[in-house]
Amino acid sequence: ASFDEGKYNDVVRVYLLAQKGLSKYSDINNIAEIQRKADQIIAETEKQLEELLLKSSESSLQNDLKQLQSNPVDVLDLVDKGCESFIPNLTLLANLHERLFPNDSDLLLNMLQSQLADFHEIVSKLFLASSDPKDCSIVVRALDRYYRKMSTCKQVVQGLDCSTCTISLIRDVSKHEVVISRKYISEEMRIVLQEIRQSLMGKDVDLPALAAKLEQAFVFQVK
């Protein structure tokens with residue numbers, strides 16, 4: 001009755017009280033049958049408890065992800081918020097599951113991998129939305145923090161694959177930042193060259209000065 005009503009505390013308490021007594025008479029068929037049924041009820045109870053824990057954990061992590069999407073200032077802010085909420089909660093839930101259900105990690109890993117993929121997608125979109133090369137230092141700092149946190153997460157939650165998506169993100173962001181910087185440098189150099197052309201059309205052209213101006217502009221932009 002307690003099992004059907006979801007009173008799992010009562011189920012476990014009664015089982016533990018009866019377990020020692022039943023084991024003394026395990027050689028008696030009727031008692032052995034009672035023991036078998038009791039073990040089956042406990043196994044079903046554990047399964048339902050694990051499902052409830054995973055469902056509750058998934059809901060909690062999804063709520064964290066929704067909070068992360070609420071107007072982050074920049075990608076560094078997003079990563080910091082993720083490191084303060086989503087990642088710690090993920091590792092905490094994983095540790096709790098490991099203590100309660102040490103022999104059943106597949107369902108946990110599947111759920112965590114799915115939530116981690118959603119987190120990675122949110123972070124990736126903001127990383128790749130950067131369009132100002134002046135933000136490069138912020139992007140690099142955020143990427144470093146993201147990589148470090150993912151590496152820690154992998155160490156804490158055994159079997160969780162964080163490396164593939166993290167390395168892929170580093171590669172994609174690096175290419176993205178190179179494209180942005182190249183475009184910015186090209187535009188700035190185009191403006192400088194236009195100014196130099198205008199100067200060449202005037203009188204008393206100082207070629208060494210114009211060459212120095214072009215060189216300085218290029219070096220400055222590359223830096």
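Just so it is clear, none of the values below were taken in a lab; they were calculated from the coordinates. None of the values given here were measured: they were computed from a predicted structure. Counting neighbours? That spans all protein chains shown, and the Cβs are built from the backbone with ideal geometry, glycine included.
Grab the beta carbon distance between Ile191 and Arg171, set R0 = 22 Å, and tell me the FRET efficiency rounded to 0.05. Efficiency, from the Cβ-Cβ distance: 0.10. log₁₀ I(q)/I(0) of region 111-151 at q = 0.25, 0.35 Å⁻¹, via Debye over equal Cα point scatterers, no solvent, to two decimals? Listed by q, the Debye log ratios stand at -0.90, -1.16.
From most to least packed by mean Cβ count within 10 Å, the peptides 118-124, 155-161 give 118-124, 155-161. Distance between the pseudo-spin-label points of Arg182 and Asp106 (7 Å out from Cα toward the beta carbon): 4.6 nm. Note on Ser59 and Asn89: the model spin-label points, each 7 Å out from Cα along the C-beta direction, lie 1.2 nm apart.
Extents of region 57-101, largest first, come to 39, 17, 9 Å (Cα atoms, principal axes, whole angstrom). Remark: the Gln155-Asp74 segment gains 26.4 nm on full extension, using 0.36 nm per residue and subtracting the alpha carbon distance. Taking 7 Å steps out from each Cα toward its Cβ at Lys47 and Leu207 produces label points 8.8 nm apart. On the beta carbon distance between Gln198 and Lys134, with R0 = 35 Å, the FRET formula returns roughly 0.80.
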